[in-house]
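The values are calculated or read from the model by the stated rules, or taken from the named source; none is laboratory data. For clarity, every value in this text was computed on a predicted model and none was experimentally measured. FYI the Cβ positions are ideal-geometry reconstructions off the backbone, even for glycines, and counts take in every protein chain you see. Side chains included, ligands, DNA and RNA excluded: accessible areas come from the protein's heavy atoms. Shrake-Rupley method; radii C 1.70, N 1.55, O 1.52, S 1.80 Å.
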Amino acid sequence: MDLKLLKLVTIVAEAVISDKIVREIKELGATGYTITAAEGQGSRGVRASEWEGKNMRIETLVGEAVSEAILQMLATHYFPNYAVVAYVEDVRVVRGDKYV
Amino acid sequence: MGTLELIQLNLLSPVVLAFFLGMLATLVRSDLKIPDELYQALSVYLLLAIGLKGGVELAASSPGDFLLPAAGALALASAIPLWSYIILRKVGRLSVPDAAAIAAHYGSVSAVTFLATLAFLSALEIPYEGFLPALLAIMEVPAIIIALVIARANLPGRTSWGEVLHEILAGKSIVLLLGGLAIGYAVGREGFAAVEPFFVTPFHGVLALFLLEMGMVAAQRLPDLRKAGPFLVAFAIVMPVLHGLIGVFVGNWVGLSLGGSVVLGVLSASASYIAAPAAVRLSLPEANPTFYLTTSLAITFPFNLAVGIPLYYAFAKFIL
């Protein structure tokens with residue numbers, strides 16, 4: 001089957017900012033995303049938002065330029081004050097043309 | 001009845017005991033867990049039920065009875081964040097965002113403490129005004145806005161106001177409280193009768209479940225007490241007592257009954273942990289959540305629940 005090389009961007013963030021992040025990644029050119037509830041602990045320890053929901057894991061398949069833009073946006077808007085983890089992986093995607 | 005007996009009576013309610021059971025469950029590392037979805041559903045139920053009942057009673061009371069207490073509630077909710085901020089900055093030497101964040105929480109109110117007070121008054125068979133939930137709604141928002149205005153005036157380059165106001169005013173607690181008040185007001189007692197079995201009879205059971213969860217969350221915060229430091233621990237106990245006494249006094253002054261004055265005292269003394277944390281997290285991200293959540297949830301809430309409510313009642317009885 002024909003597979004296309006894309007970037008999978010995974011963002012784990014406090015639930016309180018997940019709506020804003022989703023809005024911004026769509027503005028940056030992501031055509032879709034998957035969001036799931038997540039639990040865990042990191043260097044910041046407990047979440048401020050744990051009272052209003054746990055963490056969210058946002059995943060999106062994008063081209064390289066958009067993945068860079070998303071990481072840049074996270075670095076300027078969210079890394080300083082929020083609990084956010086982000087990473088990018090190379091993935092081979094079925095029907096990959098839908099995502100770029 | 002002496003203050004000690006009142007505290008005893010207050011502690012021996014299923015609602016308060018459920019809170020301590022929740023704390024105990026966390027301390028002994030029980031596998032007890034309330035699913036997130038259920039917690040969300042319980043909070044929706046409680047907030048809508050408060051609003052509906054308040055709206056029905058508001059429709060039945062005359063505007064003249066309500067206006068002065070409403071003005072008193074608004075004045076308290078506006079003044080408390082101001083002096084709280086000054087004390088936190090000058091005495092506690094906290095940073096601008098931390099002081100503003102904590103001031104927002106203490107100026108805003110706790111719906112669950114409010115409900116526990118109504119349960120306490122009912123157990124003592126003390127009547128209170130039906131429109132009190134409207135005072136709860138009035139006192140929820142102003143402090144958060146005032147604290148954010150203070151923070152903004154003292155910090156450069158903030159995010160847009162539109163987003164912040166949207167977060168506060170479109171947050172679930174305000175939508176449900178004000179929405180419930182409007183529906184209750186519109187349908188009146190007869191219309192409410194249709195949903196009354198669902199929103200009234202199971203109410204205290206739902207509240208007990210909710211407090212079980214709150215006990216667990218509060219106990220998870222206990223290790224953070226050390227990080228909060230002695231000043232904030234003292235602040236979280238002294239300020240509620242001070243605000244509670246002022247609230248009772250104002251309540252008496254604006255013409256509320258004994259029960260109503262106690263409730264206004266409790267509203268003044270209580271600290272928010274539903275509306276304020278989400279709004280503050282978004283608009284004041286530099287503020288340390290450990291400080292505002294630990295003080296409001298792990299200290300002030302249990303303190304009011306166990307000691308504050310009977311204390312404000314004893315004071316109200318003393319001055320009336």
*How far is the Cα center of the range B:76-120 from the Cα center of the range B:258-320, in Å?*
7 Å
*Please report how far the C-alpha centroid of the range B:191-219 lies from that of the range B:1-56, rounded to the nearest whole angstrom.*
8 Å
*asked:* Restricting to DSSP H runs of at least four residues, report the calculated mean residue ellipticity at 222 nm for chain B, -39500 (n - 2.57) per run over all residues, nearest 500 deg cm²/dmol.
replied: -24500 deg cm²/dmol
*Taking every pair of Cα atoms in the protein assembly as shown, average 1/r, invert it to obtain the Kirkwood radius, and report Rg/Rh to two decimals.*
1.01
*Using a 1.4 Å probe on the heavy atoms of the protein chains only, list every residue of the range A:67-97 that has 50 Å² or more less accessible area in the complete assembly than in its chain alone.*
A:Asn81, A:Tyr82
*For the range B:3-319, what is the relative contact order in percent, using Cα pairs closer than 8 Å and at least 6 residues apart in sequence?*
33 percent
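Per the helix-only calculation at 222 nm, which mean residue ellipticity applies to chain A, given -39500 (n - 2.57) for every DSSP H run of n ≥ 4 and division by its residues, nearest 500 deg cm²/dmol? Before the final figure, lay out the partial values.
Working: 2 runs with 27 residues, N = 100.
Computed mean residue ellipticity for chain A: -8500 deg cm²/dmol.
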*Could you tell me what fraction of 2.2 N^0.38 Å the Cα radius of gyration of the range B:200-320 comes to, as a two-decimal ratio?*
1.15
*Loop-located trypsin sites (Lys or Arg not before Pro) in the range B:1-96, at most 12 other Cβ atoms within 10 Å (DSSP)*: B:Arg29, B:Lys33, B:Arg93
*Restricting the range B:215-320 to trypsin sites (Lys or Arg not before Pro) in coil, as DSSP defines it, with at most 16 other Cβ within 10 Å*: none
*Entries of A:Lys26/A:Lys54; B:Lys33/B:Lys53; A:Lys20/B:Lys33; B:Lys33/B:Lys172; B:Lys53/B:Lys227 with Cα pairs more than 32 Å apart*: B:Lys53/B:Lys227
_When only alpha-carbon atoms are used, what values of Rg and Dmax, in angstrom, describe the range B:3-319?_
18.4, 54
_Order B:His166, B:His204 by their accessible area, 1.4 angstrom probe, all chains in place, largest first._
B:His166, B:His204
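Total accessible area buried between chains A and B, 1.4 Å probe, in Å² to the nearest 100? Walk me through the intermediate numbers first.
On the way: alone 6370 and 13480 Å², together 18200 Å².
Interface area, both chains combined: 1700 Å², rounded to the nearest 100.
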*Relative counts (whole %) of C-alpha pair distances in chain A, using bins that are 5 Å wide*: 2, 13, 24, 23, 17, 11, 6, 3, 1, 0
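What is the mean number of Cβ atoms from other protein chains located within 10 Å of the Cβ atom of each residue in peptide B:283-289, rounded to a whole number?
4
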*Averaged across the residues of B:272-279, what count of C-beta atoms belonging to other chains lies within 10 Å of each residue's C-beta?*
2
*Neighbour cut-off at most 16 other Cβ (10 Å), DSSP loop, GluC sites (Glu not before Pro), the range B:73-167*: B:Glu125
*asked:* Please compute the average number of Cβ atoms from other chains found within 10 Å of each residue's Cβ in peptide A:9-15.
replied: 1
